[in-house]
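Student: Please find one structure pasted underneath; my questions will follow.
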Amino acid sequence: MEIAVASGKGGTGKSFVAANIGYAISRERETVLVDCDVEEPNLHLFFPGIPSSVPVTTRLPVIDEDSCTLCGKCASFCRYGALTVTQSGVLFLKDLCHSCGGCEIVCPSGAISEEESVIGRVDTLRIPPHLTLISGILNVGEIKSPTVIKAAREAASGSPLVIYDAAPGVTCPVVETLSGCDVCILVTEPTPFGLHDLDLAVQLAALLGVPSGVVVNRSTPGADEALRFCERHELPVLLDIPFDREIARIHNRGGLLSQVDTAWADTFRDLFYRAEALSEGGL
Ligand code: SF4
Ligand code: SF4
């Protein structure tokens, strides 16, 4: 079972929801929580500890100027525009390269080889008795988030229950996270910005064929735009979390609501079961 927790925009409380579901359900069964917000991972703040790390690499072409005849075949082949052949040599734009390896194959002079380049890492932390936290971390200045997300997902593969904390938004890193998931929990806040971006996230989940339900976070009495939005779009509301200064205080200190409050632990466990039922078409 793979559950993604996502949101159309940042700051809705997505990681708060992911961490609390993960912790609550891990009291009952083996759970893997994966931080796929690789540019700004923060789940580790809820679970202090010293993780083990594995580097994430990508392969990049290296051009031997002495062997290069400036024939231009590599640049013609590269559909991403990462290579430009000039009179004085081959210009390589690393950030445009998709590591397909094609330029090495088409070079008639054997002037191109590949080398591994470290772009991030995957940290794994065991939290007894039944929780494992896997964090994908993209190095500063690198742009290949999907590669690191893929590595983090691979580190969790084979686990019976995996909960992914996606990056905010609806771009490539979120597509990489949501693809193949059984269900998506979309966290929103009841503001015009929140609902606008929720709409985009709902569309993305539908495009990927992932059933989705909504958690409304920091809701206030009378502000029922989010609930009406869900009604219009026939989206199940999985949980409505009220604005509450005590919840904010616990969260701002890096505390975990479901760890310090058994009633909330039950609520987040119920949220998991509702998401599970949604994945099975039962809601
Ligand atoms: S590895 Fe592929 S994407 Fe990268 S420069 Fe070569 S042809 Fe272009
Ligand atoms: S294909 Fe090889 S020889 Fe031709 S320009 Fe590119 S690196 Fe040089």
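Student: Which one is nearest to the chain's Cα centre (by Cα), of the residues in the range 81-119 that are charged (D, E, K, R) and away from ligand 2 (no atom under 11 Å from the Cβ)?
Tutor: It comes out as ASP95.
Student: Could you count how many residues in the range 110-125 are surrounded by fewer than 13 Cβ atoms within 10 Å (Cβ to Cβ) and touching a Ser or Thr at 6+ places or on another chain (Cβ under 9 Å)?
Tutor: 3
Student: Considering every residue within the range 140-150, establish whether at least one is touching a residue at least 24 places away in the same chain (Cβ under 8 Å), of a type outside the set (S, T, N, Q), in contact with a helix residue (DSSP H, G or I) (Cβ under 6 Å, 6 or more places away or on another chain) and part of a strand (DSSP E or B).
Tutor: No, the conditions are met nowhere in the range 140-150.
Student: Further, regarding this structure: For the structure I just gave you, tell me whether PRO48 is modelled with pLDDT under 95, in a loop (DSSP other than H, G, I, E, B) and more than 16 Å from ligand 2 (Cβ to nearest atom).
Tutor: Criteria met by PRO48.
Student: Within the range 65-77, which residues are in a loop (DSSP other than H, G, I, E, B) and within 8 Å of ligand 2 (Cβ to nearest atom)?
Tutor: Answer for the range 65-77, where residues must be in a loop (DSSP other than H, G, I, E, B) and within 8 Å of ligand 2 (Cβ to nearest atom): SER67, CYS68, THR69, LEU70, CYS71, GLY72.
Student: Would you kindly identify the helices (runs of 4 or more DSSP H) lying entirely within the range 155-256 that contain at least 1 residues that are more than 27 Å from LEU45 (Cα to Cα) and out of contact with any strand residue (DSSP E or B) (no Cβ under 6 Å at 6 or more places or on another chain)?
Tutor: Filter on the range 155-256 gives 192-207, 225-232.
The values are calculated or read from the model by the stated rules, or taken from the named source; none is laboratory data. The structure displayed is predicted, hence computed values, not measured ones. A quick note on method: Cβ atoms are made from the backbone with ideal geometry, for glycine too, and the neighbour counts reach across all protein chains shown.
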